[in-house]
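All remarks here apply to the structure that follows.
The values are calculated or read from the model by the stated rules, or taken from the named source; none is laboratory data. Given the structure is predicted, the values throughout are model-derived calculations rather than measurements. All Cβ positions, even for glycine, are placed from backbone atoms using ideal geometry, and neighbour counts span all protein chains on display. To get the accessible areas, we keep the full protein, side chains included, count just its heavy atoms, and leave off ligands, DNA and RNA. Shrake-Rupley method; radii C 1.70, N 1.55, O 1.52, S 1.80 Å.
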Amino acid sequence: REGGEMERLRGLSLSPYLSISVVDTHFHPPLFSQTEFRPEYSHTEIMWLEVGLCVIALLAYIYYEVTKQFNFFKDRGIPFDKPSFPFGSKGSKQMFMGKVPFVNVVSETLKGGLEKEKIVGFFSLGQPIFIINDQELAKHILVKDFEYFMDRRAFLTNEKYNNNFMTNLTGNEWKKVRALMTRVFTSGKLKMMSKHIIKVGQNLEEHISQIAEAGQEVDMKDVGGKMTLDSIATSMFGIETDSFKDPENMFRIMALTLVRAPGYGSQTFMLKLFFILIFPKAAKFLDIQLVEPKVLNFFIDIIKKTYHH
């Protein structure tokens, strides 16, 4: 039998398309443990691999959170400015990159064929926002149907004073605060404020006279800003300041920091804003504040003292 099998193998071995390997069934290959074939990585390499995977997962989640509503206006048949990751529509992108101020976002968004549309949509990061581009429709929203559109987009944090800003209140709470604020601007209250504003005007007149005598140029934006802040400080908070003589007074510095004027805003503001807009729950959990605590505490202290006075 064995001789017959050998003859058959010899015949097959003549074929150029067949290769025959003879295996000794009594031969046992040496055994190796699995660890000898496992590739070895250092602890540092494993750490960087884990960090890389976490970063990729985080970026994927951010991309999902930002882009998940990009079909919001398309699904509703509303003309909109096409968004892109991560800033949203072009107007919002130019604002976040510092190319246009906030007040020009709408005009930049309407460029490119959307000027004649009554309702236009655009995206700020991943948030869909409506633009009402028709005067009559705007009247309906702001007057006749205002009860349905009173709420604004809120930036809520763990800071109770920040959450009680009028722009962050909704529903009946907003109505109560709005009613209180309306009483502040009655004709009688405005007449009481006028004497303080006149005093600021006299400081402005003196400052302009000094500049004119020196033959210097006047930066009206800077001068107008100083007069506005002094008027608010004097008439609203009872703080007498003269920003023309002392431009670095504490009230002016804190006010400019609050509104993020060039040279005064926090370097991390935009990063914190991104995080709050994209991950509002996580930002609240991590206690991320949009307004710097020292600025917020400064104005809280002033308001409390003014109220008790």
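At a glance:
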item	result
Loop GluC sites (Glu not before Pro), segment 71-132 (other Cβ atoms within 10 Å of the site Cβ: 11 or fewer; DSSP)	Glu115
Hits among lysines - C-alpha to C-alpha of Lys93 under 19 Å, sequence gap 8 or more where chains match	Lys68, Lys82, Lys111, Lys272
Lys/Arg +1, Asp/Glu -1 at C-beta; the chain dipole; positive extreme among Phe285, Thr306, Met220	Thr306
Net lengthening on full extension, Gln289/Tyr41 (0.36 nm per residue, minus Cα-Cα)	85.1 nm
Three semi-axes of the equivalent ellipsoid, the chain, Cα gyration tensor, whole Å, largest first	70, 27, 21
Sites His140 and Lys82 - FRET efficiency at Förster radius 35 Å, r taken between beta-carbons, to 0.05	0.80
Per DSSP, loop chymotrypsin sites (Phe, Trp or Tyr not before Pro) in segment 41-136 with at most 15 further Cβ within 10 Å	Tyr41
Accessible area of the chain divided out per residue, in Å², using a probe of 1.4 angstrom	74
Dipole magnitude (debye, nearest 20) for the chain, charges at Cβ of Lys, Arg, Asp, Glu	1420
Local electrostatic count at Phe122 - Lys and Arg +1, Asp and Glu -1, tallied over other residues with Cβ under 11 Å	+1
Rounded Å value of the spacing that divides the Cα centres of segment 86-158 and segment 37-81	28
